[in-house]
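Structure first, then comments.
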Amino acid sequence: MTEYIITALKIIILFFPQSLLFLQNGRPIESKELHIVNITRSDDGLYTCRVSDFVKSRSFTTKVVVGFKPIFATEEKEEVQFILNADPEFLSCQAYGEPRPKDTIWKHDGKVTNVTDMSYPLGMVFGATGIYECEVSNDFGTIRRTFKVTSRDCILDLKKDFPEKHPLMYSSSLSWPAFQVTEGFMIIPKAEYFYFNCPEKFANFPSGAHVMAFCERDNQIKIRGNNYNFKDLKCNEEVKPDIMETGFECLPGNTQYIQIGFRVHNEFLKVYEVCYDNDKNEPLFAKHKLSPDHTDSSIESEWFNDILPHDFDSMYDCARQAYDISLALPGFRSDGSCCYGKRQLVNSKNLQPGVPASASFNYLNVIPQWSTCNSKNWDDLEDRVRNLVKKAGRDLSISTGIANPYPDAPPYVFPILKDGYGVSQAVAPFLWKVVQDPATGESLAIIQVNFPLLDREDASRHILCPDICENIDWLRGTNWQNVEDGFTYCCAITEFENAFGFKDLFSPDMNRVLFSTSLIPETYLTKK
């Protein structure tokens with residue numbers, strides 16, 4: 001039909017040229033011939049060719065759209081150097097076209113961002129490295145430009161770059177590497193070298209258990225001349241923590257320090273140590289150095305049990321605990337929502353990123369805390385201690401443990417938990433934490449009453465040394481004596497030692513009160 005009409009129009013135009021009319025957007029064009037040259041936007045529109053006689057008319061209409069797809073206005077360097085905390089860079093995708101480009105899409109590592117301008121403000125903050133792509137569009141097409149934002153140093157995301165089966169990192173001195181950790185990222189300086197260790201061998205390349213690695217850039221690590229993405233490095237099997245019994249007494253009685261860490265080259269890399277009661281088969285306290293470069297993020301790991309005779313899954317089952325608690329507290333009633341939970345003496349957030357943090361998932365590092373309903377204050381305390389060490393900018397010594405200053409109390413006053421095999425573990429009435437700053441000789445003890453169903457009056461009877469929490473700058477702003485959040489109080493270190501039977505365990509050379517962080521004395525710097 002279309003060919004017939006066109007043919008008819010040609011015949012009419014041929015024999016009746018006087019009846020020919022051109023129109024643009026419905027307006028007549030005073031010309032018998034139509035030539036569009038030097039085209040501009042004003043030439044846009046609907047063009048109609050109409051031929052007619054005295055009987056009828058025929059028309060043909062076509063749409064003319066004038067334009068061109070976007071063109072970038074400037075040449076841009078497409079590799080940008082990332083410098084932490086430097087002034088922002090602006091990635092430019094300025095473009096022109098007809099019609100004017102309206103849609104701009106920016107992607108960062110393949111994910112669409114909320115920036116729709118042609119200029120992308122690149123803040124020099126963690127997480128800014130990667131591949132940026134802009135797409136500028138109009139009716140005639142789309143153009144793209146890619147920017148690669150790279151870092152001279154290696155910047156590793158603690159949540160993404162330390163997957164399962166990742167190898168253990170250590171330094172040339174067979175110690176933990178001292179790389180800066182801040183805001184959820186680890187920074188390894190350019191060309192800095194360190195070592196990786198696997199239990200048997202690596203999954204990525206034929207090798208023994210140990211290899212030397214260098215920071216190349218971004219998340220790229222160089223091993224034997226080849227570059228690898230840090231997170232892609234894996235062992236054939238998981239690196240698991242180990243223990244080393246020292247035989248050194250930590251408290252009066254049959255106790256010893258047990259170190260938890262990892263074995264490398266027949267050496268033991270300690271992560272923390274536990275004071276262990278060999279007779280009662282229970283941890284009494286744990287000690288570790290809290291560094292400003294701690295991971296500060298939660299990890300998931302399987303639990304390890306080297307020497308304890310308990311089935312912890314059944315012991316920490318809320319429904320099973322109800323009967324055990326009711327023996328100590330005849331009036332106790334539970335709907336299964338409140339019970340004793342596993343509390344890590346050394347929190348995984350306090351340790352170095354990656355494999356070392358998994359060492360906290362050892363049952364030597366666990367004590368029962370009435371925590372499923374009132375752990376808020378203790379969680380808050382742990383956060384404040386981590387913030388304190390960041391503010392101080394230096395290592396603090398942290399000890400966390402349990403205490404029972406009521407050894408002559410009648411049986412069943414304090415709950416005794418049992419596992420599915422009948423193996424028991426007593427619940428201590430107190431949980432405590434000692435924070436010490438070796439640089440200033442300052443210490444503070446924080447104690448929480450670890451007993452269920454206490455009201456404020458009952459809990460106050462368990463304040464065994466003068467409470468000074470309200471005088472401690474870094475602990476202000478929390479109602480520490482709220483029993484629903486966990487009744488907690490603070491003591492000077494010597495007062496704590498005297499009240500809880502830890503005479504001179506912590507106070508020698510560190511008996512001043514840790515009111516707040518302060519500058520490091522010059523004498524300490526000289527010693528270091």
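Just to be sure I understand the curve: with the Debye formula and one point per C-alpha of segment 154-232, what is log10 I(q)/I(0) at q = 0.17, 0.25 Å⁻¹?
Values returned for q = 0.17, 0.25 Å⁻¹ are -0.63, -1.46.
Take the alpha carbon atoms of segment 360-413, find their center, do the same for segment 238-309, and report the distance between the two centers in whole angstrom.
15
Using a Förster distance of 60 Å, how high is the FRET efficiency between Ile105 and Arg224, based on the Cβ-Cβ distance and rounded to 0.05? Write down the numbers at each step before the final one.
Details: r = 41 Å, r/R0 = 0.68.
Given R0 = 60 Å and the Cβ-Cβ separation, E is 0.90.
Considering the zone a paramagnetic label at Asp379 would reach in this model (a point 7 Å from Cα along the Cα-to-Cβ line), which residues of segment 282-324 have amide N under 13 Å from it?
The answer is 298, whose backbone nitrogens lie closer than 13 Å to the label point.
So which GluC sites (Glu not before Pro) in segment 77-106 are both in a DSSP loop and have at most 16 other Cβ atoms within 10 Å of their Cβ? Walk me through the numbers on the way to the answer.
On the way: sites: Glu78, Glu79, Glu89; in loops: Glu78.
In loop regions of segment 77-106 (DSSP not H, G, I, E or B), the sparsely surrounded GluC sites (Glu not before Pro) are Glu78.
Using the 10 angstrom Cβ neighbour count as an exposure proxy, how do Asp117, Asp317, Asp437 rank, fewest first?
Details: Asp117 12, Asp317 16, Asp437 23.
Lowest to highest Cβ neighbour count: Asp117, Asp317, Asp437.
Kindly work out what percent of the DSSP beta bridges joining two residues of segment 68-151 are antiparallel, to the nearest 5.
Details: 24 of 28 bridges.
If I count the DSSP bridges inside segment 68-151, around 85 percent turn out antiparallel.
I need the calculated FRET efficiency for the pair Leu34 and Lys148, taking r as the beta carbon distance and R₀ as 41 Å, to the nearest 0.05. Kindly include the intermediate steps, with their values, before the conclusion.
Details: r = 51 Å, r/R0 = 1.23.
Between Leu34 and Lys148 the formula returns 0.20.
Arranged by the count of other C-beta atoms within 10 angstrom, fewest first, what order do Met169, Met510, Met212 take? Don't skip to the end; give the middle numbers.
Details: Met169 23, Met510 17, Met212 12.
Fewest-to-most ranking of Met169, Met510, Met212: Met212, Met510, Met169.
Considering the Cα trace of segment 294-524, what is its radius of gyration and what is Dmax, both in angstroms?
Radius of gyration, then largest Cα-Cα span, for segment 294-524: 18.1, 58 Å.
Over segment 258-385, what relative contact order in percent results from Cα pairs under 8 Å that are six or more residues apart?
Values: 184 pairs, mean separation 34.2, N = 128.
The value is 27 percent.
Return the long-range amide H neighbours of Leu91 (sequence gap of 5 or more, or a different chain), with a cut-off of under 5 Å between placed amide H atoms.
Tyr120, Leu122
Taking every DSSP beta bridge with both residues inside segment 154-232, roughly what % is antiparallel (nearest 5)?
Values: 22 of 23 bridges.
Counting only bridges with both partners in segment 154-232, antiparallel ones make up about 95 percent.
Taking a virtual spin label 7 Å from the Cα of Leu21 along the C-beta vector, which residues in segment 29-53 bring their backbone nitrogen under 19 Å of it?
29-35, 46-53
Relative contact order for the chain: what percent, with Cα pairs under 8 Å and sequence separation of 6 or more? Provide the component values of the computation, followed by the final result.
On the way: 1104 pairs, mean separation 42.2, N = 528.
Averaging sequence separation for qualifying contacts and normalising by length gives 8 percent for the chain.
Quickly rank 502-508, 62-68, 189-195, 442-448 as a protection proxy: mean count of other C-beta atoms within 10 Å, highest first. Could you put the intermediate results ahead of the total?
On the way: 502-508: 15.7, 62-68: 11.9, 189-195: 14.1, 442-448: 25.0.
The most tightly packed comes first, giving 442-448, 502-508, 189-195, 62-68.
Which percent of Cα-Cα pairs in segment 239-375 sits in each 10 Å bin, short to long?
Whole-percent P(r) values from 0 Å outward: 11, 37, 33, 16, 3, 0.
In which sequence would His108, His288, His265, His210 go, from the one with the fewest C-beta neighbours within 10 Å to the one with the most?
Working: His108 19, His288 26, His265 11, His210 16.
Going from sparsest to densest Cβ surroundings: His265, His210, His108, His288.
Relative contact order of segment 218-302, please, whole-number percent, based on alpha carbon pairs below 8 angstrom and at least 6 residues apart. Each step should come with its number before you reach the end.
Details: 115 pairs, mean separation 13.6, N = 85.
After rounding, I find 16 percent.
Using a simple spin-label model with points 7 Å from Cα along the Cα→Cβ vector, what separation in nm is obtained for Glu237 and Arg456?
Simple spin-label model gives 5.7 nm for this pair.
Since every read-out is calculated from the coordinates, none of them should be taken as a lab result. Just so you know, these numbers come straight off a predicted model, no measurement behind them. Using ideal geometry, Cβ is built from the backbone for each residue, glycine included, and neighbour counts are taken over all protein chains shown.
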